[in-house]
Amino acid sequence: MKSNLAGKTYEVQTEADGKWTFHASHNVKSQAIQQAQALLDSHKYSGVKVIAESERKGDEIIFNERAEVTDKGLTIVPIDTSPVCETLADCYQLEARRTIGRLLRQYLDDVGMTAMELAFDFGRLKMLERDDKLYIGALSRLASLQIDKEAGEKPLDRQNKLEGLYNALVANAQKMMRRDDLTEAIQMGGLQALIDKVNAEAPAADRHALILAGLAAHMGEQGDWSGKIESLITLLGAQASVVAQAYVDEALAEILDGTAAITELLGGVADAATAHRMLVQLCQGRLPEVKNPLSCINELNKTMAAYELENARDAILSRVARGIGGIKPMTREGKDGERTALVNLIRNLEGYAGLLGGPQMAEALTLRAKMALGGDDGDLSAEEAVARILGYLPSLPSRAGFVLDLSATDTGAKQQAAVVRNLAQSMRGLTSVDALTGGGQDVTMAKRVAAVLKEKIAAAGLPDELKRTAAATLDKAFANGAASEAPNGAAAQEQRWTDGAQKPAPAAAQPAPAAPPPKPAPANGGGKGPEQRRLVKGQILFEEGDAGTEAFLISSGAIEIYRRGAVEQSLAKLGAGELLGELSLIDDQPRAASARAAEDSVLIVLSKDSLKVRLQRLEQTDKVLHRLMGVLVNRLRGMARAAE
């Protein structure tokens with residue numbers, strides 16, 4: 001291509017559905033204008049413009065025209081990320097295939113195939129090459145995402161590189177047309193037979209593409225998405241190795257990333273909330289059996305339960321997160337229906353160290369909670385939404401995992417101070433094996449929980465000092481005496497959390513922060529007096545389901561007692577001189593309800609150890625009164641459950 005003396009490049013952009021997209025780049029002005037006019041005359045775009053780019057003069061729009069769209073046809077789907085492909089082998093990797101699958105989603109759903117099948121279909125590849133809108137549009141979009149700006153790479157250079165890779169892809173697909181032996185190997189002995197054949201006959205560098213080619217041909221023989229899924233499930237026999245499982249996992253992930261496949265798999269569902277719930281249960285292999293299904297959904301559910309198919313699971317969860325993170329209603333039942341649906345989803349998503357779906361899901365749930373859990377006066381703030389979600393998570397590890405995941409997102413970065421406060425509250429309680437497992441002394445499970453949390457800590461969007469503090473807290477859980485850390489140590493740790501947080505500018509109304517660890521307050525005369533805890537209005541004291549290790553006497557202020565649910569229920573409001581949290585100390589049962597400050601408050605803390613000493617003395621001096629107290633506690637709990 002000729003270059004101009006002025007050192008200018010001319011970028012052609014097209015507008016569709018109100019979004020401008022890079023289409024092509026030229027070094028010659030007349031060629032750019034000619035292409036822009038042809039695109040405009042096609043009536044596939046609502047607008048076309050040409051931007052002259054010059055290092056000396058900057059950007060200048062030299063062509064900007066609009067037209068009526070009469071031929072919408074199939075288009076590329078806007079995507080925001082893409083792995084960089086430098087070699088043909090890179091194009092066959094799962095992330096590259098999933099990227100193409102999303103970019104060409106309309107086209108692939110229309111022809112009923114995955115990106116892997118397309119990569120080995122010589123005829124389809126040649127047809128796609130002749131569709132300027134799809135072919136050039138896809139190359140241009142990928143070039144704009146993969147360009148190495150730091151190295152000074154230009155879009156046109158990257159686009160030419162990708163075009164070369166596409167030509168190599170076409171050539172390899174043509175060569176694979178003569179490899180009927182690959183399909184025959186699967187038909188005769190399954191996927192493992194194909195893998196064994198390729199490993200025995202082909203060089204190491206060619207094996208991955210050959211296995212994919214045989215698998216793609218096998219999938220291409222199926223009539224619909226459900227048929228493709230079922231054909232993959234049958235390849236997971238008793239003889240399938242870990243490698244065979246990995247290939248099936250990747251192929252399933254490609255299928256389950258598509259809208260048409262999910263729609264066919266689920267059949268008719270009442271609403272988006274039902275679809276989300278079914279998908280969350282499906283990815284865990286615990287979907288209740290579907291009666292008279294029109295797809296292989298029951299077989300897939302059994303497969304998800306029997307095998308570790310991480311890519312397939314992540315594809316399903318990513319789809320759920322994209323749906324939750326949008327603004328379309330999930331039900332047709334108004335605000336109450338949205339709230340109930342979201343709460344059910346949160347509880348279905350809870351894992352032993354956070355929510356399934358990682359950072360993407362954490363951010364999507366927060367955005368949805370702002371709308372679904374708000375009142376008549378409008379949406380919640382992000383911090384309020386996070387507090388509500390944490391209220392539905394009964395275990396400290398799941399709360400810590402959720403907050404850590406959220407910290408790695410844009411929403412979490414904007415709310416870092418609130419993230420740190422909530423993380424501090426959760427981590428403060430993770431000081432023993434019992435706390436990590438939610439009860440019992442299963443050291444193996446505790447180590448698994450701690451390992452997952454440490455992975456989340458490493459990926460968290462938090463200052464390094466706070467990451468080290470969080471990791472050290474988990475390490476202490478396995479040390480002798482970790483559960484009885486001194487108050488001064490807890491206070492010092494809390495200070496490290498506070499010092500490391502980036503404090504935002506003060507707002508007009510601060511949402512509810514999490515309760516800080518207890519800090520000792522000196523008594524008159526400088527001796528050690530009763531421990532006090534200060535709460536600001538809206539601050540959570542404890543949550544329903546928490547282990548009860550303290551009771552509280554209200555010195556000043558007021559505390560609201562409430563219960564979680566689809567609709568939050570306020571139970572009582574306690575004032576100065578009243579006691580709360582004492583039932584859990586007496587009978588060792590989890591908190592029956594949640595508590596938060598209705599106004600700025602000061603509480604006197606009564607520890608579990610202190611109360612035990614008093615109860616033991618009572619049992620020794622008056623066994624009847626001690627027994628009577630136990631009976632009264634049981635009756636009170638029974639009355640509370642009956643009132644639900």
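Would you confirm, using the coordinates I've provided, whether LEU474 is at pLDDT 50 or above and part of a loop (DSSP other than H, G, I, E, B)? Here the answer is no, as LEU474 does not meet what is asked. Can you find a residue in region 199-217 that is outside any helix (DSSP H, G or I), more than 22 Å from ALA89 (Cβ to Cβ) and not assigned by TED's automatic domain parsing to the domain that holds TYR92? No: zero hits.
Applying the criterion of being touching an Asp or Glu at 6+ places or on another chain (Cβ under 7 Å) and modelled with pLDDT of 80 or more to the residues of region 7-24, the residue that is surrounded by the fewest Cβ atoms within 10 Å (Cβ to Cβ) is PHE22. ALA364 falls short of the stated requirement of being in the same structural domain as ALA458 (by TED's automatic domain parsing), within 17 Å of GLY412 (Cα to Cα), without any contact (Cβ under 8 Å) to a residue 40 or more places away in the chain and assigned to a helix (DSSP H, G or I). Out of the residues in region 237-256 that are part of a helix (DSSP H, G or I) and among the small types (Gly, Ala, Ser), which is farthest from LEU94 (Cα to Cα)? Across region 237-256, the extreme among qualifying residues is ALA244.
For every residue, the table says whether it meets (1) buried (at least 18 other Cβ atoms within 10 Å of the Cβ); (2) assigned by TED's automatic domain parsing to the domain that holds GLU95; (3) at pLDDT 95 or above; (4) aliphatic (A, V, I, L, M).
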position: GLN187; (1), (2), (3), (4): no, no, no, no
position: LEU265; (1), (2), (3), (4): yes, no, no, yes
position: ALA270; (1), (2), (3), (4): no, no, no, yes
position: ARG277; (1), (2), (3), (4): yes, no, no, no
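Filtering region 257-304 to residues that are in a loop (DSSP other than H, G, I, E, B), out of contact with any Lys or Arg (no Cβ under 9 Å at 6 or more places or on another chain) and not hydrophobic (A, V, I, L, M, F, W, C) leaves GLY267, GLY268, ARG286, PRO288, GLU289, LYS291, ASN292, PRO293, SER295. Taken together, the criteria place GLN245 among residues that are in contact with a Phe, Trp or Tyr (Cβ under 8 Å, 6 or more places away or on another chain) and either among the β-branched types (Val, Ile, Thr) or closer than 20 Å to THR183 by Cα (or both). If you go through region 25-58 and keep only what is modelled with pLDDT under 85, among the aliphatic types (A, V, I, L, M) and closer than 21 Å to LEU134 by Cβ, you end up with ALA32, ALA36, ALA38, LEU39, LEU40.
Give the residue, chosen from LEU210, LEU194, that is in contact (Cβ under 8 Å) with a residue 24 or more places away in the chain, surrounded by 18 or more Cβ atoms within 10 Å (Cβ to Cβ) and under 28 Å from VAL242 (Cβ atoms). Going through LEU210, LEU194 in turn, just one is in contact (Cβ under 8 Å) with a residue 24 or more places away in the chain, surrounded by 18 or more Cβ atoms within 10 Å (Cβ to Cβ) and under 28 Å from VAL242 (Cβ atoms): LEU210. With respect to ILE79, is the statement that it is closer than 25 Å to GLN174 by Cα, out of contact with any Gly (no Cβ under 8 Å at 6 or more places or on another chain) and either at pLDDT 85 or above or aliphatic (A, V, I, L, M) (or both) true? Considered against the rule, which asks whether it is closer than 25 Å to GLN174 by Cα, out of contact with any Gly (no Cβ under 8 Å at 6 or more places or on another chain) and either at pLDDT 85 or above or aliphatic (A, V, I, L, M) (or both), ILE79 comes out as no.
Do we find a residue being closer than 23 Å to ALA472 by Cα, free of Cβ contacts under 8 Å to residues at least 12 places away in the same chain and among the hydrophobic types (A, V, I, L, M, F, W, C) anywhere in region 432-455? Looking through region 432-455, at least one residue is closer than 23 Å to ALA472 by Cα, free of Cβ contacts under 8 Å to residues at least 12 places away in the same chain and among the hydrophobic types (A, V, I, L, M, F, W, C). Those helices (runs of 4 or more DSSP H) of region 9-113 in which 3 or more residues are touching a residue at least 60 places away in the same chain (Cβ under 8 Å) occupy 88-91, 94-103, 105-111. Among all residue pairs at least 6 apart or on different chains, which show Cβ distances below 6 Å where the first residue, located in region 400-424, is in the same structural domain as LEU390 (by TED's automatic domain parsing) and the second is polar (S, T, N, Q) and surrounded by 24 or more Cβ atoms within 10 Å (Cβ to Cβ)? Here the result reads ALA400/SER426; VAL403/ASN422; THR411/THR366; VAL419/SER407, each pair linking region 400-424 to a residue that is polar (S, T, N, Q) and surrounded by 24 or more Cβ atoms within 10 Å (Cβ to Cβ). Figure legend. Inter-residue proximity from region 289-317: first residues within 20 Å of GLY227 (Cβ to Cβ), second residues of a type in the set (Gly, Ala, Ser) and at pLDDT below 90, beta-carbon distance below 7 Å, spacing 6+ or different chains. Indicated pairs: PRO293/GLY267; LEU294/GLY267; SER295/GLY267. Restricting attention to region 114-127, does a residue exist that is farther than 24 Å from GLY227 by Cα, modelled with pLDDT under 95 and among the aliphatic types (A, V, I, L, M)? So far as region 114-127 goes, yes, one or more of its residues are farther than 24 Å from GLY227 by Cα, modelled with pLDDT under 95 and among the aliphatic types (A, V, I, L, M). Restricting THR234, THR183 to those that are surrounded by 16 or more Cβ atoms within 10 Å (Cβ to Cβ) and either of a type in the set (Gly, Ala, Ser) or out of contact with any Asp or Glu (no Cβ under 6 Å at 6 or more places or on another chain) (or both) reduces the list to THR183. Here is the figure for region 360-418: residues that are on the phi > 0 side of the Ramachandran plot and buried (at least 24 other Cβ atoms within 10 Å of the Cβ) total 0.
The values are calculated or read from the model by the stated rules, or taken from the named source; none is laboratory data. In this text, all values refer to a predicted model and were calculated from it rather than measured experimentally. Cβ sites come from the backbone with ideal geometry, for glycine too, and all protein chains shown count toward neighbours.
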